[in-house]
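Everything on this sheet refers to the single structure shown next.
The values are calculated or read from the model by the stated rules, or taken from the named source; none is laboratory data. None of the values given here were measured: they were computed from a predicted structure. Positions of Cβ are generated from backbone atoms using ideal geometry, with glycine treated the same way; all protein chains shown enter the neighbour counts.
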Amino acid sequence: MIQPLSYIHPDAQIAHNVVIEPFSTIHKDVVIGEGTWIGSNVTIMDGARIGKNCRIFPGAIISGEPQDLKFEGEITTAEIGDNTTIRECVTINRGTKDRYRTVIGKNCLIQAYSHIAHDCFVGDNCIFSNSSTLAGHITVGDYVVLAGMVAVHQFCKIGSHAFVTGGTLVRKDVPPYIKAAREPITYAGINSVACAAEDTPTSKSMKFRISTEYYS
């Protein structure tokens, strides 16, 4: 269902059962998958590729131009996986000629006022709490949790199943399966919640011990 007070460019590719609420704007080079809900006052710009059953809340801006001086208008994308929720006033910028795309995985929750900059790759099942900020060219693994107001420096990598505590300034890579905290950022323990899950490494695993020793 598309409300008459929304604007949809005639060339946008919108699945038949997408709901678009009033006062939202969908630009030309946009693809939105089945079952997705677009709230009021959302702006979805050229290059957006939105999967199935996503929920995008009021005030979000998806696939805005990169805030990067090297951007020269090249054709790039911002891709959002199936079943991902984008809460109020989130901004996600599309890629530059570095990676040509920004990617958010499946089953993610990006909470209000978060920002994901150009050329970021975010894995599946991630949770970014309110006002989390990713600078450009960042790689985030699967099942990563960023607590509120985390800020991540450009080009950093955060490993799968890592947990970063609220207000942390991330200036270096974060290995998988650990908790990172404090100022300056440091190792703060093992992410025991992730370790308790099925099919994850144990503390006796050599690979797991190497990843924690790297950051201690």
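Only one of the listed residues (Asp82, Asp124, Asp119) is at pLDDT 95 or above, closer than 18 Å to Asn191 by Cα and in contact with a Gly (Cβ under 7 Å, 6 or more places away or on another chain). That residue is Asp124. Within the stretch 1-58, restricting attention to residues that are out of contact with any Asp or Glu (no Cβ under 8 Å at 6 or more places or on another chain) and of a type in the set (Asp, Glu), the residue that is farthest from Gly95 (Cα to Cα) is Glu21.
Every residue in the stretch 53-94 that is among the β-branched types (Val, Ile, Thr) and more than 15 Å from the chain's Cα centre (by Cα), please. Can you show your working first?
Restricting attention to the stretch 53-94, the residues satisfying the condition of being among the β-branched types (Val, Ile, Thr) are 56, 61-62, 75-77, 80, 84-86, 90-92.
Listed by number, the residues that qualify are Ile75, Thr76.
When the residues of the stretch 107-143 are filtered to those that are on the phi > 0 side of the Ramachandran plot and not acidic (Asp, Glu), which remaining residue is surrounded by the most Cβ atoms within 10 Å (Cβ to Cβ)? Please lay out each step first, then the result.
Initial filter on the stretch 107-143 (on the phi > 0 side of the Ramachandran plot): 107, 113, 119, 125, 131, 137, 143.
Now restrict to residues that are not acidic (Asp, Glu): 107, 113, 125, 131, 137, 143.
Details: Asn107: 17, Tyr113: 18, Asn125: 19, Ser131: 19, His137: 21, Tyr143: 24.
So, considering only residues that are on the phi > 0 side of the Ramachandran plot and not acidic (Asp, Glu), the one surrounded by the most Cβ atoms within 10 Å (Cβ to Cβ) is Tyr143.
Pull up the stretch 144-167, narrow it to residues that are under 21 Å from Asn83 (Cα atoms) and in contact with an Asp or Glu (Cβ under 8 Å, 6 or more places away or on another chain), then point me to the one that is surrounded by the fewest Cβ atoms within 10 Å (Cβ to Cβ). Taking the candidates together, the pick is Ser160.
Filtering the stretch 46-55 to residues that are buried (at least 18 other Cβ atoms within 10 Å of the Cβ) and assigned to a strand (DSSP E or B) leaves Ala48, Arg49, Ile50. Here the stretch 56-106 is the region considered, the condition is being more than 21 Å from Asp124 (Cβ to Cβ) and among the hydrophobic types (A, V, I, L, M, F, W, C), and the residue that is surrounded by the most Cβ atoms within 10 Å (Cβ to Cβ) is Ile61.
Report yes if some residue within the stretch 64-73 is assigned to a strand (DSSP E or B) and farther than 13 Å from His118 by Cα; otherwise report no. If you could, list the steps in order and put the result at the bottom.
First pass over the stretch 64-73, keeping only residues assigned to a strand (DSSP E or B): 64.
Now drop any that are not farther than 13 Å from His118 by Cα, which leaves none.
No, there is no match, as no residue in the stretch 64-73 is assigned to a strand (DSSP E or B) and farther than 13 Å from His118 by Cα.
How about the stretch 142-166: which of its residues are of a type in the set (A, V, I, L, M, F, W, C), touching a strand residue (DSSP E or B) at 6+ places or on another chain (Cβ under 7 Å), farther than 17 Å from Tyr113 by Cα and part of a loop (DSSP other than H, G, I, E, B)?
Applying the first criterion (of a type in the set (A, V, I, L, M, F, W, C)) to the stretch 142-166 yields 144-147, 149-152, 155-156, 158, 162-164.
Next, only the ones that are touching a strand residue (DSSP E or B) at 6+ places or on another chain (Cβ under 7 Å) stay: 144-147, 150-152, 156, 158, 162-164.
Still in the list and also farther than 17 Å from Tyr113 by Cα: 144, 156, 158, 162-164.
Selection gives Val144, Cys156, Ala162.
Do you know which residues across the stretch 8-33 are of a type outside the set (A, V, I, L, M) and closer than 23 Å to Glu74 by Cα? Hits for the stretch 8-33 are His9, Pro10, Asp11, Gln13, Thr25, His27, Lys28, Asp29.
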